[in-house]
Structure formats: C-alpha cells, structure tokens
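**Q** Take this structure, written in structure tokens, and hold onto it; I'll ask about it next.
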Amino acid sequence: MTDADAAHTLIPAPRSVREVPPAGLYVLDEDTLVEARPGTEGTARWLRATVGAATGLPLAPGDDDDNRLVLAVDPAVERELGPEGYRIVVDGYAVRLDGGSPAGVFWAAQTLRQLLGPDAFRRAPVTGRREWHLPCVVVEDAPRFAWRGVLLDVARHFMPKDGVLRYIDLLAAHKLNVLHLHLTDDQGWRLQIDAHPRLTEVGAWRARTKVGHRASPLWDERPHGGHYTKDDVREIVAYAAERHVMVVPEIDLPGHSQAAIAAYPELGNTDVVDTAALGVWDTWGINPNVLAPTDRVLAFYEDVLTEVLDLFPSPFVHIGGDECPKDQWRASPAAQARMAAEGLADEEELQSWFIRHFDRWLAQRGRRLVGWDEILEGGLAEGAVVSSWRGYAGGVAAARAGHDVVMCPEQHVYLDHRQAPGPDEPVPIGYVRTLEDVHRFEPVPPGLTGEEARRVLGAQANLWTEVMENQQRVDYQAFPRLAAFAETVWSVLPAPAERDFAGFERRMAAHYPRLDALGVDYRPPAGPRPWQRRPGVLGRPIEGAPPIV
C-alpha cells in the first residue's frame with residue numbers, strides 16, 4: 001500500500017473522502033507545528049504523546065507556518081455534521097482538523113493517525129525516516145449513533161488497571177465512545193467501597209476457577225481476583241475522558257450477587273439459605289443466590305451507589321437486573337411478606353420493585369438507570385434505559401413504550417461467542433458469529449416507526465470473560481470483530497444484505513498491520529494461530545441453532 005492509498009483504508013468508513021489538488025502528498029517533519037485552538041488542547045496533548053512518540057516528530061506548539069496542523073472547534077462543522085462530526089483538509093497548506101466539538105476534533109486526529117500508516121500506531125519510532133506523508137484529501141465524517149459501546153467484564157476474570165487503560169485506547173482508535181465496566185458478579189467484586197470494605201477484602205477473591213464451560217471437568221486451583229482502588233478508578237475515568245470515552249459502571253442487583261453475599265451474608269435470603277456458608281462463586285452459569293428484598297439491602301446498595309456516583313461522572317449507571325432466579329423469593333417468608341406489604345402480584349413484580357427503587361434513587365441524583373431487558377418484566381421502570389441483550393424484542397418493546405434503548409443482542413454482538421464452526425476455535429461458546437456476521441449487524445430493530453427508531457441510542461458489543469482468562473484471550477475474541485462492530489455503529493451503511501463486505505475485507509487488510517503495531521493478539525482471517533488454540537477445554541456450542549436474522 002502506498003501513502004496515497006491510505007485514505008481508502010479507513011476503518012470505520014467515513015462519510016466522504018475526496019482527493020484534492022495538488023495531487024500528491026503532504027509532508028510532516030521535525031519542523032511541523034501543532035496549533036491548538038480553544039477546546040482542542042487535549043487532542044494536541046494526545047497527538048504529541050501518541051503520534052509524536054511513534055514518529056519521533058516533536059509536533060511543537062506554533063501557528064506561524066504552513067507546515068502545521070491546525071486543530072479547531074468549528075460551529076459550521078457542528079451545524080453540518082453534528083458535535084462529533086469532523087472535517088480534515090490536506091490541500092498543500094496547513095492541515096486542518098476541524099470538529100463540531102472537542103470530541104469531533106479528537107476523532108479527526110484518530111483518522112489522521114490512520115492516514116499516516118501502521119507505524120504511527122507504535123509507541124516509538126521503528127524506522128529512521130524523518131518525513132511522514134499525508135495524502136492530499138478532504139475527509140468529512142460523523143457518527144451514526146451517539147452510543148458506540150463495549151462491555152468489558154472484569155468481574156469474571158479481573159483485568160488489571162493497565163489492561164483497562166489499553167482497552168480504552170483500542171476503543172478510541174476505532175471511534176468507540178462508551179466503556180461499560182461490568183464490575184460485580186457472583187465470581188468477584190472489583191470496586192473499592194469504603195462503607196463496606198469486605199466487598200473487596202472477601203468478595204474480590206475466589207479460591208479456584210472453572211476452566212471452560214461449567215460442564216468442563218477442569219479447574220484452575222489458583223486463587224483468582226483483584227480490584228480497583230478509588231484512585232485506580234479516578235485514573236481510568238480521567239484517561240477515558242481525555243479520549244472522549246464515557247465509562248459506565250455496572251453494579252449488579254438483585255441477581256448475580258453471590259460475591260457480595262459471601263462478603264456480607266445478611267444481604268441474602270437468610271431464612272431459606274445458610275448464606276454464611278457461601279463463598280465467592282468459582283464456576284459459571286445462572287446463580288440461585290440473590291439479594292433479599294429488605295430495607296437493609298436497599299440501604300446497603302444506596303451506600304454502594306453513593307460512592308459509585310462520586311467516582312463515575314457518567315449520566316448513566318447500569319444496575320444489571322438480569323438473570324435473577326425467583327426460587328428463593330418464592331420460598332422465603334420474608335420475601336413473601338414484602339410482596340404482600342407492597343401489594344405486588346408475583347416475584348416478577350418484586351424484581352421490578354427493586355429496579356424501580358434504584359431508578360427513583362438515581363433520578364433524584366441526576367443520573368439515569370440502565371438495565372438489561374429483564375427490567376421490562378413486572379413493569380418497566382420509569383426513566384430507565386434498556387440494554388436489549390436477548391435479541392431485538394426487548395429493544396422493540398422498550399422503544400414502543402417510549403424508553404431509550406442500547407442494542408446488544410447476544411445473537412449478533414456477544415464477542416465471547418465463537419468466530420467460526422471449526423474445531424480449532426478456543427473454548428467455543430454460543431453462536432457462530434463471523435467477521436462478516438458482525439459487519440452485517442443492524443442496530444435498529446425492524447418494524448419501528450421513525451420516532452421509535454430515534455429511541456435507539458446506539459449499540460454495544462459485549463465481552464463476557466468466563467472463558468477469557470487474560471489479555472490475549474480478550475484480544476482474540478474482540479478482534480477483528482470489534483473493528484467491524486465499530487463500523488456498524490459509526491458509519492452510515494446500506495441495509496445488511498447490501499453491505500460491501502468484500503470492500504471491508506480489503507480495508508481490513510490494511511488495518512491488520514495497525515493492530516499488529518498496537519500489539520493486539522487478534523484472530524487471523526485464516527484461523528487461530530497455534531498458541532491461540534485451547535485443545536481439550538470444553539465450550540458450549542449452540543448446535544442446530546436457528547438462523548439469525
């Protein structure tokens with residue numbers, strides 16, 4: 001690929017790329033300056049720290065030469081392309097990166113790095129060249145959706161802070177702007193809470209871990225765990241904000257709560273279960289141990305969420321609300337008494353009572369509750385945003401009821417699911433979702449009216465880590481499919497059946513070297529490398545599943 005070809009290899013695909021005179025290349029060298037106009041100072045810092053480090057160019061501040069990059073927030077770009085829209089002009093004079101907002105300027109800088117070639121994605125120079133080239137082009141671009149998210153499950157397998165920071169950079173490189181951190185589950189509690197220190201003293205560690213699917217006979221007998229201190233979280237949030245990525249915390253309730261119950265047994269249904277005997281769960285699946293519907297539990301989680309709100313400025317707080325078995329509530333006299341006192345018809349309404357309580361509590365503090373589509377059961381919480389994971393149906397119901405939706409159907413964008421049907425796929429889980437399948441994902445469910453479709457804030461790809469024990473495994477499951485997902489939520493694409501996947505593959509051929517430079521252990525197009533395979537580790541293929549449409 002020549003430098004002039006770089007404009008036609010961009011991922012995600014921009015709205016418009018056109019060559020402009022003079023035909024040829026613009027040179028960046030040691031004398032190239034960066035003029036950062038008001039609101040763009042963060043992008044200038046990022047350019048020096050990343051592109052400057054990779055190229056060896058100082059990119060010094062200055063505004064007195066045509067040999068410069070001009071970063072500017074332009075109201076005209078916002079009017080034409082929206083706040084995250086941008087325009088890059090490389091026409092032989094100063095290179096302009098204009099955005100509708102500081103975020104738009106930052107996305108322009110990410111595109112600029114792609115135009116410079118794969119070596120611009122390294123952390124230090126690898127060649128002796130003193131000049132870097134940009135094609136003479138005008139790029140105009142803007143995202144289709146405001147919510148372009150990735151869920152990172154750090155509860156099942158803990159990812160140290162440096163790994164989270166690395167994933168923020170990977171999201172930003174693909175113009176993804178939401179990191180949904182799944183911080184608590186049956187298998188671990190990952191967030192320091194001063195009011196309840198045993199959540200991390202006890203709940204952050206499990207004695208051993210099931211290897212593979214829960215039916216596997218294999219165990220890793222090493223203790224596993226870890227958690228983020230409050231300063232870790234502040235660093236993560238600030239690092240993400242500098243890259244225009246919003247971090248949305250998830251604190252799971254009333255199900256997926258055994259780690260919390262192991263730390264504080266009084267949170268469980270003590271009248272039907274010996275909760276003091278429970279430890280942090282060491283296997284996978286849907287856990288029967290759920291929170292008790294008591295005032296004490298509500299107060300406990302209000303304490304937790306008070307500290308969460310202090311750490312995470314996101315307007316959205318995810319509370320889970322999924323996969324909550326009702327057997328203990330059915331057997332519990334205390335739970336039945338609560339249902340009677342609240343006038344609730346059944347245990348589904350009892351779950352809704354939980355969700356509604358925290359929906360009101362968060363709304364009073366200026367935040368919005370987000371929950372998995374089970375929060376629709378027993379009555380939809382007022383003001384809640386629905387993460388539609390069990391297919392499109394939950395998103396359709398929520399949108400028609402006037403609620404905002406984030407589409408993340410497991411059949412399409414659960415990236416823990418296997419990438420091919422072959423026997424070499426490591427720990428094969430769930431549906432086969434190939435790179436082409438993800439590229440054909442359509443976030444807006446069919447059958448919605450225009451007004452209902454506007455309720456779709458965007459979409460999210462989910463990385464559940466039951467069988468992803470380290471960074472290499474997460475990389476393998478995420479990439480290259482996350483690049484395809486990024487295109488489905490950023491770019492304005494034709495209907496799924498009409499999408500140019502062959503063209504996307506051609507652009508991916510240029511993108512793989514960028515991923516190589518970033519150190520991403522992605523799945524190659526031809527299949528897993530020898531060290532990426534996991535022979536003998538049992539997965540959970542869904543054999544004979546109906547076609548996904």
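Read-outs: derived from the displayed coordinates by stated rules, not from any lab. In this text, all values refer to a predicted model and were calculated from it rather than measured experimentally. Positions of Cβ are backbone-derived with ideal geometry, glycine not excepted, and every protein chain shown enters the neighbour counts.
**Q** Can you give the angle from 0 to 90° between the axis of helix 230-242 and the longest principal axis of the chain, with both taken from C-alpha atoms, to the nearest 10?
**A** Roughly 40 degrees, rounded to the nearest 10.
**Q** Putting +1 on Lys and Arg Cβ atoms and -1 on Asp and Glu Cβ atoms, find which of Leu28, Thr50, Leu81 reaches farthest to the positive end of the dipole of the stretch 1-111.
**A** Looking along the dipole axis, the top candidate is Leu81.
**Q** If you fit an axis through the alpha-carbon atoms of helix 501-518 and take the longest principal axis of the Cα set of the chain, what angle between them do you get, 0 to 90°, nearest 10?
**A** Around 90 degrees separate the two axes.
**Q** How would His133, His244 line up from fewest to most surrounding beta-carbon atoms within 10 angstrom?
**A** Numbers: His133 19, His244 22.
Ascending Cβ contact count within 10 Å gives the list His133, His244.
**Q** Also, I was wondering about something else. What percent do you get for the relative contact order of the chain when only Cα pairs under 8 Å and 6+ apart count?
**A** On the way: 1197 pairs, mean separation 78.5, N = 549.
Relative contact order for the chain comes out at 14 percent.
**Q** Shifting gears a bit: Sticking with the crude label model, points 7 Å out along Cα→Cβ, report the distance from Val27 to Thr229 in nm, one decimal please.
**A** In this crude label model, Val27 to Thr229 measures out at 5.0 nm.
**Q** I've got another one for you. Find how much the distance from Glu19 to Glu221 grows on full extension, using 0.36 nm per residue of separation minus their present alpha carbon separation; answer in nm with one decimal. Spell out each step's value before the answer.
**A** Numbers: separation 202, 0.36 × 202 = 72.72 nm, distance 5.89 nm.
Between Glu19 and Glu221, full extension yields 66.8 nm more.
**Q** Where the only charges are on Cβ atoms (+1 Lys, Arg; -1 Asp, Glu), what is the dipole of the chain about its Cα centre, to the nearest 20 debye?
**A** On the way: 57 positive and 79 negative charges, 165 e Å.
Using only the charged Cβ atoms, the result is roughly 800 debye.
**Q** For the pair Ile542 and Glu323, what calculated FRET efficiency results from E = 1/(1 + (r/R0)^6), where r is the Cβ-Cβ distance and R0 = 22 Å, to the nearest 0.05? If you can, show how the numbers build up before the last one.
**A** Details: r = 17 Å, r/R0 = 0.78.
Step by step, r from the Cβ atoms, then E = 0.80.
**Q** Please pull out the direction-averaged projected area of the stretch 403-536, using the convex hull of its alpha-carbon atoms, in nm² to one decimal place. Walk me through the numbers before you get to the answer.
**A** Working: hull surface 36.0 nm².
Taking the Cα atoms of the stretch 403-536, their convex hull projects to 9.0 nm² on average.
**Q** Across the chain, how many lysine pairs, 8 or more apart or on two chains, come within less than 26 Å at their alpha-carbon atoms? Intermediate values should be presented prior to the final figure.
**A** Values: Lys161/Lys175; Lys161/Lys210; Lys161/Lys230; Lys210/Lys326.
The result is 4.
**Q** Per 0.36 nm of contour for each residue apart, how much would the distance between Val492 and Ala334 grow if the chain were fully extended, relative to their Cα-Cα spacing? Don't jump to the answer; show the numbers that get you there.
**A** Values: separation 158, 0.36 × 158 = 56.88 nm, distance 5.25 nm.
Contour length minus the Cα-Cα distance gives 51.6 nm.
**Q** Okay, next question. Pick out, from Cys324, Phe358, Pro524, the residue whose Cα sits farthest towards the positive end of the charge dipole of the chain, with +1 on the Cβ of Lys and Arg and -1 on the Cβ of Asp and Glu.
**A** My answer, from the dipole projection, is Pro524.
**Q** Okay, helix-only estimate at 222 nm for the chain: each DSSP H run of n ≥ 4 adds -39500 (n - 2.57), divide by all residues, round to 500 deg cm²/dmol; what do you get?
**A** Dividing the helical sum by the residues of the chain leaves -9500 deg cm²/dmol.
**Q** So what's the net charge close to Asp65: Lys and Arg +1, Asp and Glu -1, counting the other residues with Cβ under 10 Å from its Cβ?
**A** Values: positive: Arg68; negative: Asp31, Glu35, Asp63, Asp64, Asp66.
Summing Lys/Arg as +1 and Asp/Glu as -1 gives -4.
**Q** Sort Glu374, Glu505 so that the residue with the fewest other Cβ atoms within 10 Å of its own Cβ comes first and the one with the most comes last.
**A** Values: Glu374 22, Glu505 16.
Neighbour counts put them in this order, fewest first: Glu505, Glu374.
**Q** A further question on this structure: Could you point to the label whose value was computed as semi-axes √(5λ) of the Cα gyration tensor in Å for the structure here, given (1) 35, 30, 23; (2) 41, 31, 19; (3) 43, 25, 23?
**A** Read-out taken from this structure: (3).
**Q** How much net charge surrounds Trp372 when only the other residues with a Cβ under 9 Å from the Cβ of Trp372 are counted, with Lys and Arg +1 and Asp and Glu -1? Intermediate results must be reported in sequence, preceding the final value.
**A** Working: positive: Arg390; negative: Asp322, Glu323, Asp373, Glu374.
It works out to a net charge of -3.
**Q** Here's a follow-up. Taking the Cβ of Val427 as the center, what net charge do the other residues with Cβ under 14 Å away carry, scoring Lys and Arg +1 and Asp and Glu -1? Let's see the in-between values first.
**A** Numbers: positive: Arg156, Lys210, Arg214, Arg418, Arg473, Arg523, Arg533, Arg534, Arg540; negative: Asp220, Asp416, Asp424, Glu425, Glu466, Glu469.
Local net charge: +3.
**Q** Calculate the dipole size of the stretch 445-549 relative to its Cα centre from +1 charges on Lys and Arg beta carbons and -1 charges on Asp and Glu beta carbons; express the result in debye to the nearest 20. Kindly include the intermediate steps, with their values, before the conclusion.
**A** Working: 13 positive and 12 negative charges, 51 e Å.
It comes to approximately 240 debye.
**Q** Okay, moving on. Label the stretch 20-93 by shape, choosing from rounded, prolate and oblate, from the square roots a ≥ b ≥ c of the eigenvalues of the Cα gyration tensor; if a/c is under 1.5 it is rounded, and otherwise prolate applies when a/b is larger than b/c, oblate when it is not.
**A** Working: a/c = 1.90, a/b = 1.23, b/c = 1.54.
Note, shape of the stretch 20-93 comes out oblate.
**Q** Also: Residue farthest toward the positive end of the dipole of the chain, with Cβ of Lys/Arg at +1 and Asp/Glu at -1: which of Leu71, Pro494, Gly395?
**A** Working it through, the farthest residue towards the positive pole turns out to be Pro494.
**Q** Please give the charge dipole size of the stretch 147-468, origin at the Cα centre, charges +1 on K and R Cβ atoms and -1 on D and E Cβ atoms. Round to the nearest 20 debye. Kindly include the intermediate steps, with their values, before the conclusion.
**A** Details: 31 positive and 48 negative charges, 119 e Å.
Taking the Cα centre of the stretch 147-468 as origin, the dipole is about 580 debye.
**Q** Follow-up. Could you tell me how many degrees, from 0 to 90 and to the nearest 10, lie between the Cα long axis of helix 481-490 and the main elongation axis, the longest principal axis, of the Cα atoms of the chain?
**A** Long axis of 481-490 versus the principal axis of the chain: about 80 degrees.
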